[in-house]
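Every read-out reported here was derived from the displayed coordinates using simple, explicitly stated rules and does not represent laboratory data. Remember, predicted model here, so these are calculated numbers, not experimental data. A quick note on method: Cβ atoms are made from the backbone with ideal geometry, for glycine too, and the neighbour counts reach across all protein chains shown.
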Amino acid sequence: MSDLLERLRGRGWRMTSQRRVVAEVLEAHHRPLPADEVHARAAERLPEISRATVYNALGELVALGEVVELATDGRAKRYDPNAHHPHHHLVCSRCGTIRDVHPTGDPLAGLPPEERFGFLVSKAEVTYRGLCPSCA
């Protein structure tokens, strides 16, 4: 069983076949996917799954904090299953492809105290932008 499925069961999330397939699709790809792609991949496994069911399951996973909803540059929202693994994102400026990256070091170390404006900073979310190999 996947980490995501184990966490969801541990939290008492009712595991219907539709919810399970959505979680399995997210866990299998380890990268942010748009809802339409989650639906398409889920429908390969469970043809009767509706788009509304996928959107509802994604919304519940976001509300539980098990999936992160990403919105970049006015494109379709993506759903990142790696909510419990610290990482940043690499985004293609042309096609919108998103990949998780795991650079070393503390991103907060690069923010000098005078640039924190009194904020008690607890987390940094870094997005790198450029062109993916297909668009370059």
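Out of the range 1-97, which GluC sites (Glu not before Pro) are coil in DSSP terms and have no more than 13 other C-beta atoms within 10 Å? Walk me through the numbers on the way to the answer.
On the way: sites: GLU6, GLU24, GLU27, GLU37, GLU44, GLU48, GLU60, GLU66, GLU69; in loops: GLU48, GLU66.
Sparse-neighbourhood loop GluC sites (Glu not before Pro): GLU48.
Is there a quick way to get the dipole size of the chain? I mean about its Cα centre, with the Cβ of Lys and Arg at +1 and of Asp and Glu at -1; what is the value in debye to the nearest 20?
Numbers: 18 positive and 18 negative charges, 57 e Å.
For this selection, approximately 280 debye.
Grab the Cα-Cα distance for SER122 and ARG94, subtract it from 0.36 nm times how many residues apart they are, and report the gain in nm with one decimal.
6.9 nm
How big is the dipole moment of the range 3-80 about its Cα centre under a simple scheme where the beta carbon of each Lys and Arg is +1, that of each Asp and Glu is -1, and everything else is neutral? Debye, nearest 20, please.
In debye, rounded to 20, the range 3-80 gives about 160.
Given the alpha-carbon gyration tensor of the range 88-130, what are the semi-axes of its equivalent ellipsoid in whole angstrom, ordered largest first, with each equal to the square root of 5 times an eigenvalue?
Details: eigenvalues 129, 26, 13 Å².
Largest first, the range 88-130 gives 25, 11, 8 Å.
Could you list the chymotrypsin sites (Phe, Trp or Tyr not before Pro) in the range 60-136 that lie in coil according to DSSP, counting only those with at most 14 other Cβ atoms within 10 Å of their Cβ?
Those that pass, being in a loop and sparsely packed, are PHE117, PHE119.
Based only on other Cβ atoms within 10 Å, what is the fewest-to-most ordering of SER122, SER93? Write down the numbers at each step before the final one.
Values: SER122 6, SER93 13.
Fewest-to-most ranking of SER122, SER93: SER122, SER93.
Beta carbons within 10 angstrom, averaged per residue: use that to sort the peptides 15-22, 109-116, highest first. Before the final figure, lay out each step's value.
Details: 15-22: 17.5, 109-116: 9.0.
Going from most to least packed, we get 15-22, 109-116.
Cut-off is 10 Å between beta-carbons; in what order do ASP100, ASP80 appear when sorted fewest neighbours first?
So the residues, fewest neighbours to most, are ASP100, ASP80.
Based solely on C-alpha atoms, express the radius of gyration and the Dmax of the chain in angstrom.
Rg then Dmax for the chain, in Å: 16.8, 55.
Report the trypsin sites (Lys or Arg not before Pro) located in the range 49-111 that are in a DSSP loop and have at most 12 other Cβ atoms inside 10 Å of their Cβ, or state none.
ARG94
Scaled to the compact-protein estimate 2.2 N^0.38 Å, what is the alpha-carbon radius of gyration of the range 40-90, rounded to two decimal places?
1.27
At 7 Å along the Cα-to-beta-carbon direction for both THR16 and ARG75, put a label point, then send me their distance in nm to one decimal.
Result: 3.0 nm between the two label points.
Could you give me D for the range 3-80, from Stokes-Einstein at 20 °C and 1.002 mPa s, where the hydrodynamic radius is the Kirkwood radius over C-alpha pairs? Units µm² s⁻¹, please.
Roughly 172 µm²/s, to the nearest whole number.
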